[in-house]
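The values are calculated or read from the model by the stated rules, or taken from the named source; none is laboratory data. All values derive from a computational prediction rather than experimental measurement. Every residue, glycine among them, receives a Cβ derived from its backbone with ideal geometry; neighbour counts consider all protein chains shown. Just so you know, the surface numbers come from the protein's heavy atoms only, side chains and all, with ligands and any DNA or RNA stripped out. Shrake-Rupley method; radii C 1.70, N 1.55, O 1.52, S 1.80 Å.
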Protein chains: 2
Amino acid sequence: MARNEDLGAIVSIGDELVIGQSLDTNSRWLSERLTDHGITISEHVTVPDELGAIVSTLRRLVDRSGVVIATGGLGPTADDLTREAISVLVHEPLIEDQESLSLIRGWFSRSNRAMPEQNRVQALRPSSGIHIQNDNGTAPGMHVVVGGANLFCLPGPPSEMKPMFEEYVGARLTRSRERVVRTAIFQTMGLGESEIAQRLGSLMARDRVPLVGTTASGGIVSVRVRYEGIEPRERVDALMGETEREIRAAVGEAVFADGPEPLAAIVIGRLRQNGQRLSVVESCTGGMLGETLTAIPGASDVFLGGWLTYSNEMKERLVGVPSELLQRHGAVSREVAEAMACGGLTRSGADHCLSVTGIAGPGGGSPGKPTGTVWIGLASRSVTSDCRRFLMRGERHVVRQWSVTSALAMLDLRLRNRSSLGLLRQQDP
Amino acid sequence: MARNEDLGAIVSIGDELVIGQSLDTNSRWLSERLTDHGITISEHVTVPDELGAIVSTLRRLVDRSGVVIATGGLGPTADDLTREAISVLVHEPLIEDQESLSLIRGWFSRSNRAMPEQNRVQALRPSSGIHIQNDNGTAPGMHVVVGGANLFCLPGPPSEMKPMFEEYVGARLTRSRERVVRTAIFQTMGLGESEIAQRLGSLMARDRVPLVGTTASGGIVSVRVRYEGIEPRERVDALMGETEREIRAAVGEAVFADGPEPLAAIVIGRLRQNGQRLSVVESCTGGMLGETLTAIPGASDVFLGGWLTYSNEMKERLVGVPSELLQRHGAVSREVAEAMACGGLTRSGADHCLSVTGIAGPGGGSPGKPTGTVWIGLASRSVTSDCRRFLMRGERHVVRQWSVTSALAMLDLRLRNRSSLGLLRQQDP
């Protein structure tokens, strides 16, 4: 296949990824960044710590891409083979880079340690390669040009890889000037993916320009619009605008956000704008709702905190759920969800309080309350509290994730003064 | 390359994965399962919703593997192209499977809805293919034999993919009877990856049998031992045992767990054995510690719950941190961490209480307390409380993740009566 300068590929290297011991999050992050830079990703590949596999994968991808980014295999141990693979790929022996060696020594001396001899290999690079300085670890990155392709090798740990990408790689990504890549995303809730598709109709034809696609994840169906081509920018703007209007006409009532911003960030933005504050009382999610909110930098402006009332004892003691309610209705009930939300509201002094109580599984279900039954409560100052029951299908993690999404969606609807929660109906994954 | 019956490959299909909008978690999960079945994974590949890319990737992989598992692209919309790709791959037109069609109709009628016409395409399969029933969604899976390879196409949503794998695919994975695959994992804490490697020395040689490798993630360095071959089982047992003894001799003091079980599960197991209960008081982790604990089914036996004291106001009001301490030492200090842990211990009635307060960033740091400064407190009944300061480098998510790991490690050491916390030193990612 001929090389396409605007085409990129991502390679993750490591036995721990291939055997499933670790989850690769680098590829996703790099994809987002490359896409932002106007590069079209043709594929992600994950290969084990085997010299032959690394070399043949890199060779296949540099032959057809303008940019290849590899992560992993730059550590100090014998199973870190990326340096050797590049040496084979570019037919050059490895040489010791004196500047890199002194940076690695410096890294250890900053914590008053001598550099283990083991780490010396990290200073090796092929003679035509450039080392990329690592301010967050010992492994320098590498930049080599193979044929016409730029190959960047970055360390596997995200805390080292990301700053190196931002500081070095991003600035060196070239692309054809006339090529235009544009993406728009609309997040919807309340309609199934097939209903969205049916309403969008011919908008989703595979030969349409721009292309429209959908993805369902955690209770949210995202509609993506994507243009890639060489038409004049004004024409692209017109095409994108027209497609957006058609999407809004078809499914606008279900759209709760433009763009890929997570629902937690949207809700935090709305609360900040209103000058309002939020607290939470979590049972089956055990902290996941708070964690999701506080994953957003600046959440402290609006998020006060809350309670993890995992046991019934804590529901009574911490937020004052009456024990009669727990006995009569059970912990997973409208009454308890409401008491949790109201108890949290008054005790926190917040403007809104979300509560979640449910059966995440795998055990704990009964015929009347099957696994996946979740009650979510929302109490707000001077507004009637609202409690909704959801029946979620899926394993423990899915039920908890959907519970968090549904809780945030209930709050989002209230913050937009949509008193009718019609679009947030009982959800089946 | 000649086909190797014991070789497997995993393909993820979807624009949302390739452009980085969604994170692929299926490949990791499938890798673990296939490895358990004695299959050696040669690679993971992620491709966009493009017929050509899907067909050429599948063709390349079925030519050399015994098993290929593809996920995604089985939805009802026009960008779901897996059915068509298989049709091209096996040179067969698609036919409508009447049984699948009635199952899909049944899926909708169970929620009192008519099947949207759109979903009809999900009943299509190549004539030699077998549909795999989906009890958790509308998309049937597909099983086709291409050349000598078994190709399984499963839906993308994990809640549909996983049960389909467990119920259908797992039972059909064949392997050469004489082939043996064995994996052992030791999790360590307190030594850097290069120190571990230096101590392991020649154990990590690339030509050693079994192979020994290391991976660092979230403050934990895992040492993996892996055997793949055709030697008699007794011989393999002896080789694995001998390697294990050598690893323990070299780094045993840092090993806190055999096997891949997460630290949270280990801690919960120890608490259960002791008949003890735990509560938490979280500031910068905002719920992540509770979430990590409650991700383990059965956590309710030992985890009572706790407080998210994200604001100073909540630290005072909920767990009684004196406002003088907050004013004099700041929220991120030994004194406040200790007050949080002790306040949580007495108010929860638990046997142990962990507290976390820190600066996760990106903002909020100062010269005296840089971003990444985290204090962790552990209060226990009738034992002096213990507070430790960590300086973690990395972005917000990394600092929070390491804080959770470090908190669990502090508790783990206490539960093992290691009064010296020497191995849990200040950590740099």
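Assorted remarks:
- Note, ³J(HN,Hα) from phi for the range B:264-275, Karplus 6.51, -1.76, 1.60, rounded to Hz, x at Gly and Pro: 4, 5, 5, 5, 4, x, 5, 4, 4, 4, 7, x
- Ascending distances from the B:Gly298 label point to its copies in the other chains, with the point 7 Å along the Cα-to-beta-carbon line: 4.4 nm.
- Peptide-level mean, for A:158-170, of C-beta atoms on other protein chains within 10 Å: 2
- Taking only the Cα atoms of the protein assembly as shown, the radius of gyration and Dmax are 27.0, 77 Å.
- Model label zone, B:Glu99; criterion: amide N under 17 Å from point 7 Å along Cα-to-beta-carbon; scope the range B:123-141: B:123-136, B:139-141
- Near the amide H of B:Asp80, within less than 5 Å, lie no amide hydrogens of residues on another chain or at least 5 residues away, with H placed in the peptide plane.
- Pseudo-label separations to other copies for B:Arg328 - Cα-to-Cβ vector, 7 Å, nm: 4.9
- The figure for A:Val18 is an accessible area of roughly 0 square angstrom, using a 1.4 Å probe on the protein chains alone.
- Between amide H atoms placed 1.01 Å from N, distances below 5 Å from A:Gly305 occur with A:Val280, B:Tyr310, all of them 5 or more places distant or on a separate chain.
- From phi via Karplus (6.51, -1.76, 1.60), per-residue ³J(HN,Hα) for the range A:285-301 in Hz, x at Gly/Pro: 7, x, x, 5, 5, x, 4, 5, 5, 7, 5, 8, x, x, 4, 4, 4
- Cα-only Debye scattering, chain B: base-10 log of I(q)/I(0) at q = 0.06 Å⁻¹: -0.35
- What separates the Cα centres of the range B:312-381 and the range A:289-366 is a distance of 22 Å.
- Restricting the calculation to Cα atoms, the range A:263-415 shows an Rg/Rh of 0.95 when the hydrodynamic-style radius is the Kirkwood one.
- Look at where the Cα atoms of the range B:172-228 and of the range A:269-284 average out, and the two centres are 45 Å apart.
- Accessible area per residue (1.4 Å probe, heavy atoms of protein chains only) ranks A:Arg172, A:Arg125, B:Arg182 as A:Arg172, B:Arg182, A:Arg125, with the largest value leading.
- Residue-by-residue Karplus 3J(HN,Hα) for the range A:254-261, coefficients 6.51, -1.76, 1.60, Hz, glycine and proline x: 8, 6, 10, 7, 8, x, x, 4
- Heavy-atom accessible area order for B:Asp207, A:Asp135, A:Asp6, largest first, 1.4 Å probe: B:Asp207, A:Asp135, A:Asp6
- Relative contact order of the range A:253-368, pairs being alpha-carbon contacts under 8 Å that are 6 or more residues apart, as %: 30
- Remark: mean inter-chain Cβ contacts per residue of A:396-406 equal 2, using a 10 Å Cβ-Cβ cutoff to other protein chain atoms.
- With a Förster radius of 25 Å applied to the C-beta separation of B:Ala205 and A:Ala114, the computed FRET efficiency comes to 0.55.
- Hull-based mean projected area of the range B:118-227, where the convex hull spans the alpha carbons, in square nanometres: 10.9
- Residues with amide H under 5 Å from that of A:Glu43, placed H, sequence gap 5 or more: A:Ile10
- Copies compared at A:Arg59 - label distances in nm, ascending, label defined 7 Å from Cα in the Cβ direction: 2.1
- In whole percents, the pair-distance distribution calculated for the range A:331-418 from its alpha-carbon pairs, binned every 10 Å from zero, is 19, 48, 27, 6.
- Pairwise Cα inverse-distance average, inverted: Kirkwood Rh of the range A:4-172 (Å): 15.9
- Threshold 40 Å², the range A:70-84 residues less accessible with all protein chains present than alone (1.4 Å probe): A:Thr77, A:Ala78, A:Asp79
- When you filter the GluC sites (Glu not before Pro) in the range A:138-217 for DSSP loop state and at most 11 other Cβ atoms inside 10 Å of their Cβ, you are left with A:Glu178.
- Greater than 25 Å apart at Cα, pairs in A:Lys315/B:Lys162; A:Lys315/B:Lys315; A:Lys162/B:Lys162: A:Lys315/B:Lys162; A:Lys162/B:Lys162
- Taking all protein chains as shown and a probe of 1.4 angstrom, A:Glu231 keeps an accessible surface of around 60 Å².
- Taking the DSSP bridge list for chain B and keeping only pairs wholly inside it, about 60 percent are antiparallel.
- Contact order normalised by residue count of chain B, Cα under 8 Å, 6+ apart, percent: 10
- Beta-bridge orientation, the protein assembly as shown: approximately 65 percent antiparallel, per DSSP, counting only bridges with both partners inside.
- Taking Cα centre as origin and charging only the Cβ of basic (Lys, Arg, +1) and acidic (Asp, Glu, -1) residues, the dipole magnitude of the protein assembly as shown rounds to 1740 debye.
- The mean sequence separation of alpha-carbon pairs under 8 Å and at least six residues apart, normalised by the residue count of the range B:108-225, gives a relative contact order of 15 percent.
- Minimum Cβ-to-axis distance in chain B for the rotation onto chain A, with residue, whole Å: B:Gly287, 2
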